[in-house]
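The values are calculated or read from the model by the stated rules, or taken from the named source; none is laboratory data. In this text, all values refer to a predicted model and were calculated from it rather than measured experimentally. Counting neighbours? That spans all protein chains shown, and the Cβs are built from the backbone with ideal geometry, glycine included.
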Amino acid sequence: MSGENTLLLVLSNLIYLLLIFSSVIISVFGSIIIIRFLTRQKIDVREEIVVNRNIGIALVLGSFIWTLGRLCFETIKPIMNVWYSGYYSGFSLKSSLKLLYGISISLSIALLTGAITIYFAMKILMVINKDINEWEEIKNGNISVAIIISVTVIVIGLFFESILSTIITGLMVK
């Protein structure tokens, strides 16, 4: 491998690591924003977890972070696969711009899809359990409700994960 290819490979791996780190940041902050939106600002995530040590909120937040993180990761993989296979044919400004375009579009799609996924998972549970105020139960320490919400969000996220990866792959190949 020539020095130029080695440098490009190192640069590509650094970009990949940066994208993974960005996905974590997006997942954490996005999840907190989604909880605030879903609870209409009634739950302060930081206070509930740090001060009140509310395990239920921590479980739900964790499931939201996991779901958003997986969706972000599944959109990054196809982009980086296209990038890795393309850089062997030569580095160009066009391929770099395509990478940046793909990254911004795919992470936006992942965040939007994650928010919609979580929103619909919560709505499905609220329709099924009309008599239960899930957020009030979780705020009061009902871990059982938190577990059901967490598992529902993760399972629905898993369904969307493969669909999203296929869509992004299709967009990047063109």
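Restricting attention to segment 46-77, which residues are among the polar types (S, T, N, Q), in a helix (DSSP H, G or I) and surrounded by fewer than 22 Cβ atoms within 10 Å (Cβ to Cβ)?
None - no residue of segment 46-77 is among the polar types (S, T, N, Q), in a helix (DSSP H, G or I) and surrounded by fewer than 22 Cβ atoms within 10 Å (Cβ to Cβ), so the list stays empty.
Of Lys130, Lys123, which residue is free of Cβ contacts under 8 Å to residues at least 60 places away in the same chain, charged (D, E, K, R) and closer than 22 Å to Leu158 by Cα?
Lys123
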Checklist outcome for this item: Scanning segment 54-72 residue by residue, those of a type in the set (Gly, Ala, Ser) and at pLDDT 90 or above turn out to be Gly56, Ala58, Gly62, Ser63
Checklist entry - Of the residues Leu99, Leu112, which is modelled with pLDDT under 85, farther than 19 Å from Gly56 by Cβ and either more than 19 Å from the chain's Cα centre (by Cα) or assigned to a helix (DSSP H, G or I) (or both)? => result Leu99
Checklist entry - Among (1) buried (at least 18 other Cβ atoms within 10 Å of the Cβ); (2) assigned to a helix (DSSP H, G or I); (3) at pLDDT below 90, where does Ile43 come up short? => result (2)
Checklist outcome for this item: Filtering segment 106-160 for residues that are loosely packed, with under 13 Cβ neighbours inside 10 Å and of a type in the set (Phe, Trp, Tyr) leaves a count of 1
Checklist outcome for this item: Residues of segment 27-58 being within 12 Å of Lys139 (Cα to Cα) and in contact with a Ser or Thr (Cβ under 9 Å, 6 or more places away or on another chain), in sequence order, are Val45, Gly56
Item to check | Pair list, Cβ under 7 Å, 6 or more apart: segment 140-162 residue within 26 Å of Pro78 (Cα to Cα) and modelled with pLDDT of 90 or more, other residue crowded, with 20+ Cβ neighbours inside 10 Å and aromatic (Phe, Trp, Tyr) | outcome: Val153/Phe64
Item to check | Checking Ser92 against (1) surrounded by 12 or more Cβ atoms within 10 Å (Cβ to Cβ); (2) modelled with pLDDT under 80, the condition it does not meet | outcome: (1)
